[in-house]
Amino acid sequence: MKSQDIRKQFLQFFESKGHLIVPSAPIVLKDDPTLMFNNSGMAQFKEFFLGNGTPKCPRIADTQKCLRVSGKHNDLEDVGFDTYHHTMFEMLGNWSFGDYFKKEAINWAWELLTEVYKIPKENLYVSVFEGNPEENVPFDQEAWDIWKTLIDEDRIILGNKKDNFWEMGDQGPCGPCSEIHVDIRSAEEKAKVSGKILVNNDHPQVVEIWNNVFMEFNRKADGSLEKLPAQHVDTGMGFERLCMALQGKTSNYDTDVFTPLIEKVEQITGLKYTSNEVKDITEEQNKTNIAIRVIVDHVRAVAFAIADGQLPSNTGAGYVIRRILRRAIRYGFTFLNTKEPFINKLVEVLADQMGEFFPEIKSQQQLVTNVIREEEASFLRTLDQGLQLLDIVVAKTKGDEVSGEKAFELYDTFGFPKDLTALILKEKGMSFKESEFDASMKAQKDRSRAASEVSTEDWKVLIPGNVEKFVGYDQTENEVKITRIRKVDSKKDGILYQIVLDNTPFYPEGGGQVGDKGTLVSANETIDIIDTKKENNLILHFAKQLPENIEASFIAKVNTDLLTSTSKNHSATHLMHLALRTILGTHVEQKGSLVNPNHLRFDFSHFAKVTEEEIRKVEDFVNTRIEEQLPLVEHRSIPIQQAMAQGAMALFGEKYGDTVRMIEFGDSKELCGGIHVKNTGEIWHFKILSEGAVAAGIRRIEAITGDAVKHYFSQQESDLDAIKETLKNPQDTLKAVVSLQDDNVKLKKQIEQLLKEKAKGLKGELASQLQDINGIKFLATQVDLNPDGAKDLAYELGTLGTNLFLVLATADDDKPMLSCYISKELVAEKNLNAGIVVRELGKYIQGGGGGQPFFATAGGKNVSGIKEALEKAIDFVK
Ligand code: SER
């Protein structure tokens, strides 16, 4: 059975049991600070388990793109080494929100596996929670009794808290679970060892395929459990493992989920992957296999994350994605000998294979390919630089052991993993101190852990059962009551209180727009709200202190000065989005947006620099619509199909409901939850300040509106006045500046010429000062030239003959600089290296530098150190 059909059958089965089938949520989560990526099918439904919202149907099923690469569930380092773990995988799941419970969940799981998919019952084992007295949770008798009606008792295994009590994170909904394991070993092996003892023992062919969680509890901050108001079912089946079982394979990588990708890697590299059936492979082949598994796994995670809007970057979720891709690149680099970008070429295969079910990968194919290609190219360059640095480290090392700290430095700044450094050193008959490496790594981890420590208290609920209402589309002030509060202590922000209100005019950060600031005012006190954010369907107001009387009535007042500026920037963003699509083309798609009171920042897909002329056109387009004074037309709740039919713009990686809010200004129509001006005339004027690249195929525009434009123009004007005054008010300012520049170029040329002549004069003088030391012609001296002149002079002296070792110091503009020139034959025969010379001597002038073995320079801060640096130069030739 093809993987496509396996997926379809799962969904059809649960549809027939009254489930609503929903699409996968984006892989990158929004509105949930406790989770970076969707790590399980249930993550997008967390608010329903917590009682902060109601699902549109109490029974739901789907296949969810999951990523287990950070936080509580992290499989990254295992991937490649075994045959059944992945960074991205699909989780097939069915849910009951306060509807059916254990009986239906277990019976349906069994029916689907044994009757629809026809997995032989004798290949299956199930587990049941054995209970835990410390947690006060008893043995799951109910699940045991249900299973007993379906399967021999000796196939039911009791499991402990680690295996049979599922928790998504350190806090939140959780409960006992019942897992289904499949034994896909050969009959011969089964006869030798019973599968029962291999369950949960990391055997690659006796693996868990389905987890049925019975959500009954909420884990509180102090670690205790409380009963949830209702009982729910959360199940998750690993799609790739199911395919392995149903396709008669013994490795996920031998199923049609992975084979097309593997074939492409084989075609690109000319290497072969051996299936799991091939035994007794060489160590070399094993390494090739691991690398190929790493690559075909990681490309899926990275490609889907980018398609869902998460670009690789240096922080947060973007950094995790970058690290996954880099892991794939270096496995290719080390074990498949790929020195050119190639992983991007797999995206096409992935899009063909998955595009029907996950259209985002098809429609974003070009962008995903470009971004991956650029990341590959830049990391390969970094690896190359790292290799050069390693050469220098090796040259400077006495003996055959490099310090572990140096190896860690390579890891930290160049992404050189331990094993790669070890491998390169081994080829040179060297090694590094692992214990030192590990200690440096641990110290760094401890530092970052301490920096990100957060402790979150449980909610103190003042008014239970209230569902907070957002009134910010109509009001900026309202009478409110506090419904719950929570204290959060983090290293980053210190102690903050999160306040939830019964209704609120405060806009929570979202859709690029920053959260509102403002105050809570009661008869006796005023509390500042410093930010507003959304979390699992709650709107959290952040304050540095709590009101003394938390039960009082308050007036919640949004800071309207800030909000007005923000809304101008937000509406201008919509107009600019349309402008870009009209002027540059409909390939332009929003890839990121920030709207705050000061400016707007917009990232979008486009393959080339936006020209000056295009920038002007975009500004004119937006300003024309501002002048036209277009009124805001807000459709607060319209069916999504209707909005799309009207041509509204929607974003990839955004989760939309059946009904949406649509914002219209003339021909600009966008699905949006943000705050806007009532009429485009309020924006006053729109001005682009910068345009540049953020990643391959992604451009960024920063712009301003309203008062910020007024300030900008008046600043420009006063700058121009100052320039005119400095130039003594010429008639034509531009002409005066151009003529100054021309003069400057001419003078520079003259100076260069003069210096060259001076250097020639010096050449003769210095040639006579060369000392012979051990057959090396040595000179270290200060010259009255600029650094470029010193370089020319060094090369000039170099023409005088062989075996030259020169160190020339300059102190041009009081900036000390050392240049070292070493004849090629000395570099080759005496292992001298100008890079090392300047780095060592550079210490005396408080500086550093580098270059090539035959010529290198170092700049510094301390002119008075030149003398000592020159004196020490002789040590290198002695
Ligand atoms: N949440 C459970 C898991 O991820 C079942 O879906 O295993």
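The values are calculated or read from the model by the stated rules, or taken from the named source; none is laboratory data. As the structure is a computational prediction, the values presented were derived from the model and not from experiment. For neighbour counting, all protein chains shown are included, and Cβ atoms are generated from backbone atoms with ideal geometry for every residue, glycine included.
Laid out as a table, the results:
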item: Members of the range 350-371 found to be crowded, with 18+ Cβ neighbours inside 10 Å and touching a residue at least 60 places away in the same chain (Cβ under 8 Å), listed by number; result: LEU350, GLN353, PHE358, GLU360, GLN364, LEU367, VAL368, ASN370, VAL371
item: Among (1) part of a strand (DSSP E or B); (2) more than 16 Å from the ligand (Cβ to nearest atom); (3) out of contact with any helix residue (DSSP H, G or I) (no Cβ under 6 Å at 6 or more places or on another chain), the one test that CYS66 misses; result: (2)
item: Residue among ALA43, ALA61 that alone is within 13 Å of the ligand (Cβ to nearest atom), crowded, with 17+ Cβ neighbours inside 10 Å and part of a helix (DSSP H, G or I); result: ALA43
item: Yes/no for ASP32 being surrounded by fewer than 22 Cβ atoms within 10 Å (Cβ to Cβ) and without any contact (Cβ under 8 Å) to a residue 24 or more places away in the chain; result: no
item: Filter result (among the acidic types (Asp, Glu) and within 11 Å of the ligand (Cβ to nearest atom)) within the range 164-203; result: GLU167, GLU179
item: Residue ranges of strands (runs of 3 or more DSSP E) in the range 651-722 with at least 2 members out of contact with any His (no Cβ under 9 Å at 6 or more places or on another chain); result: 686-695, 698-705
item: Of residues in the range 74-87 being touching a residue at least 12 places away in the same chain (Cβ under 8 Å) and away from the ligand (no atom under 14 Å from the Cβ), the one farthest from LEU20 (Cα to Cα); result: PHE81
item: Residue, nearest to ARG323 (Cα to Cα), within the range 73-89, restricted to residues that are assigned to a loop (DSSP other than H, G, I, E, B) and aromatic (Phe, Trp, Tyr); result: PHE81
item: Filtered residue count, the range 22-35, keeping only those that are away from the ligand (no atom under 16 Å from the Cβ) and either of a type in the set (A, V, I, L, M) or in a helix (DSSP H, G or I) (or both); result: 1
item: Flag for GLU796 being surrounded by fewer than 23 Cβ atoms within 10 Å (Cβ to Cβ), at pLDDT below 90 and in contact with a helix residue (DSSP H, G or I) (Cβ under 7 Å, 6 or more places away or on another chain); result: yes
item: Sole exception among (1) touching a strand residue (DSSP E or B) at 6+ places or on another chain (Cβ under 6 Å); (2) under 25 Å from LYS196 (Cα atoms); (3) away from the ligand (no atom under 16 Å from the Cβ) for GLY98, by number; result: (2)
item: Output for the range 449-476, where each listed residue is at pLDDT 90 or above and β-branched (Val, Ile, Thr); result: VAL461, ILE463, VAL471, THR476
item: Residues being part of a helix (DSSP H, G or I) and more than 19 Å from VAL257 (Cβ to Cβ) - total across the range 331-380; result: 22
item: Boolean, ASN52 is under 17 Å from GLY169 (Cβ atoms), more than 15 Å from the ligand (Cβ to nearest atom) and assigned to a loop (DSSP other than H, G, I, E, B); result: yes
item: First in the range 213-228 and more than 26 Å from GLY93 (Cα to Cα), second anywhere and away from the ligand (no atom under 14 Å from the Cβ), Cβ under 8 Å, 6 or more apart; result: ALA221/GLN171; ALA221/SER455; ALA221/THR456; ALA221/GLU457; ALA221/ASP458; ASP222/ASP458
item: THR334 being under 18 Å from PRO417 (Cβ atoms), of a type outside the set (Phe, Trp, Tyr) and touching a Leu at 6+ places or on another chain (Cβ under 6 Å); result: yes
item: Checking GLU135 against (1) crowded, with 17+ Cβ neighbours inside 10 Å; (2) more than 16 Å from the ligand (Cβ to nearest atom); (3) acidic (Asp, Glu); (4) closer than 27 Å to ALA43 by Cβ, the condition it does not meet; result: (1)
item: Residue within the range 114-124 that is within 16 Å of the ligand (Cβ to nearest atom) and modelled with pLDDT of 95 or more present; result: no
item: Residue list for the range 62-111, restricted to those being over 23 Å from ASP170 (Cα atoms) and basic (Lys, Arg); result: LYS102, LYS103
item: Filtered residues of the range 132-170 (kept if touching an Asp or Glu at 6+ places or on another chain (Cβ under 7 Å) and without any contact (Cβ under 8 Å) to a residue 24 or more places away in the chain); result: PHE139
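Residue by residue, here is whether (1) crowded, with 21+ Cβ neighbours inside 10 Å; (2) under 26 Å from ASP163 (Cα atoms) holds:
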{"site": "LEU11", "(1), (2)": "no, no"}
{"site": "SER16", "(1), (2)": "no, no"}
{"site": "PHE48", "(1), (2)": "yes, yes"}
{"site": "ASN52", "(1), (2)": "no, no"}
{"site": "LEU67", "(1), (2)": "yes, yes"}
{"site": "ASP75", "(1), (2)": "no, yes"}
